[in-house]
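I have placed the structure first, in the form of structure tokens, so that the comments after it can refer back to it.
The values are calculated or read from the model by the stated rules, or taken from the named source; none is laboratory data. These numbers were taken from a predicted model, which means no experiment stands behind them. No Cβ is skipped: glycine too gets one built from the backbone with ideal geometry, and neighbour counts run over all protein chains shown.
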Amino acid sequence: MHNPDAKIVVLTNKKQKLALSLLGAEPISWRVDDQEYLWQADPDIWDGTAPLLFPVVGACRNGSILVEVRSYPMPQHGFAKDMEFVLIRKTNNQVHLRLGDTEESRKHFPFAFQLDVEVTLLDEGFAYQCKVTNTDHKVLPYAIGFHPGINWPAAMGKVVFEKPERPDIPKIVTGGLLSRQNRKLDFDGETLLLEADIFQQGALVFRDAKSKDLTLINNNGEGVIFSVSECRHLALWSKPQVPFLCLEAWSSHADWEGFSGEIQDKDTMVMLPAGQSKQHGYSLKII
């Protein structure tokens with residue numbers, strides 16, 4: 001959720017203006033030729049715009065994680081989206097932000113880390129690159145994800161996947177957890193029509209996706225390309241009859257229904273050795 005009192009940095013070039021909040025390192029406005037492409041947070045519909053998800057993605061069973069048998073409260077999608085990043089460097093078209101572990105973060109996640117975010121304006125879009133560094137003396141288990149919401153009329157256009165994807169996707173159950181039971185989309189694997197009821201049962205989660213690019217396109221051939229790196233899973237999410245669509249990429253996902261293990265047992269968590277770093281990112285470009 002964007003806090004109107006949070007500090008904001010703005011990047012510009014000839015055609016674009018990108019605003020980021022230091023709260024969560026979240027892009028909150030992306031204007032191209034004075035057209036707004038990002039959903040503008042509305043607490044009555046969805047209070048996010050393009051949150052950064054860390055150190056978990058999605059919901060944790062019972063709203064908590066286990067580390068060495070001890071339970072730690074963990075909000076959906078983690079806590080980075082609610083913490084203020086430090087401004088390290090800024091130019092007209094690039095900004096570097098940083099978040100480190102704090103006394104508050106260790107109440108939820110008892111690990112030392114550094115999360116660097118570098119955002120760069122491109123000719124027809126922007127790149128959002130993250131580097132996670134393990135500053136602890138033990139392995140750092142984490143997940144990271146990206147959740148940009150695009151201004152998009154409900155039930156219009158299509159999403160085209162770079163490579164064929166499975167039409168069988170996990171059901172979403174109570175609390176936002178994933179079920180081991182699948183449901184089948186009316187989908188040829190490459191082109192998904194955005195019909196009116198497509199999000200009636202929640203997010204569409206494409207586990208172990210082959211595609212690294214998604215193209216959101218309307219009937220006039222206009223839209224955006226969402227490209228990702230070092231994210232195993234893709235997802236699409238909106239609500240019925242609302243004018244936005246979230247294009248999502250995750251390294252891990254919500255807990256399975258009935259999961260009771262420790263954080264390192266969560267599905268497809270990154271296990272980063274002490275002293276090492278790993279990069280993840282996405283870009284959005286105008287077609």
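Worth a mention:
- Val69 meets the conditions (1) of a type outside the set (Lys, Arg); (2) exposed (fewer than 15 other Cβ atoms within 10 Å of the Cβ); (3) within 27 Å of Trp256 (Cα to Cα); (4) under 22 Å from the mean Cα position of the chain (by Cα) in every case but one. The failed one is (4).
- Restricting the range 87-105 to residues that are basic (Lys, Arg) and more than 22 Å from the chain's Cα centre (by Cα), the residue that is farthest from Asp136 (Cα to Cα): Lys90
- Residue that is nearest to the chain's Cα centre (by Cα), among those in the range 256-273 that are under 12 Å from Val139 (Cα atoms) and not hydrophobic (A, V, I, L, M, F, W, C): Gln264
- Residue match in the range 106-124 (condition: under 22 Å from the mean Cα position of the chain (by Cα), among the polar types (S, T, N, Q) and within 30 Å of Lys90 (Cα to Cα)): yes
- Yes/no for Leu236 being touching a residue at least 40 places away in the same chain (Cβ under 8 Å), closer than 20 Å to His77 by Cα and either surrounded by 14 or more Cβ atoms within 10 Å (Cβ to Cβ) or of a type in the set (Lys, Arg) (or both): yes
- For the range 10-47, the candidate set comprises residues that are of a type in the set (Phe, Trp, Tyr) and in a strand (DSSP E or B); within that set, the residue that is surrounded by the fewest Cβ atoms within 10 Å (Cβ to Cβ) is Trp46.
- Members of the range 157-193 found to be modelled with pLDDT under 95 and hydroxyl-bearing (Ser, Thr, Tyr), listed by number: Thr174
- Breaking point among (1) in a loop (DSSP other than H, G, I, E, B); (2) touching a Leu at 6+ places or on another chain (Cβ under 8 Å); (3) crowded, with 22+ Cβ neighbours inside 10 Å, for Val95: (1)
- Among the conditions (1) crowded, with 19+ Cβ neighbours inside 10 Å; (2) of a type outside the set (Lys, Arg); (3) not in a strand (DSSP E or B), the only one that Pro110 does not satisfy is (1).
- Which numbered condition Ser21 misses (of (1) more than 30 Å from Asp267 (Cα to Cα); (2) touching a residue at least 24 places away in the same chain (Cβ under 8 Å)): (2)
- Of the residues Val119, Val139, Val132, the single one that is aliphatic (A, V, I, L, M), buried (at least 19 other Cβ atoms within 10 Å of the Cβ) and more than 22 Å from Gln16 (Cα to Cα) is Val132.
- Some residue of the range 241-259 being outside any strand (DSSP E or B) and free of Cβ contacts under 8 Å to residues at least 12 places away in the same chain: no
- Contact map, the range 209-227: first residue under 15 Å from Phe126 (Cα atoms), second residue modelled with pLDDT under 95, Cβ cut-off under 6 Å, separation 6 or more or different chains; pairs are Gly223/Ile287.
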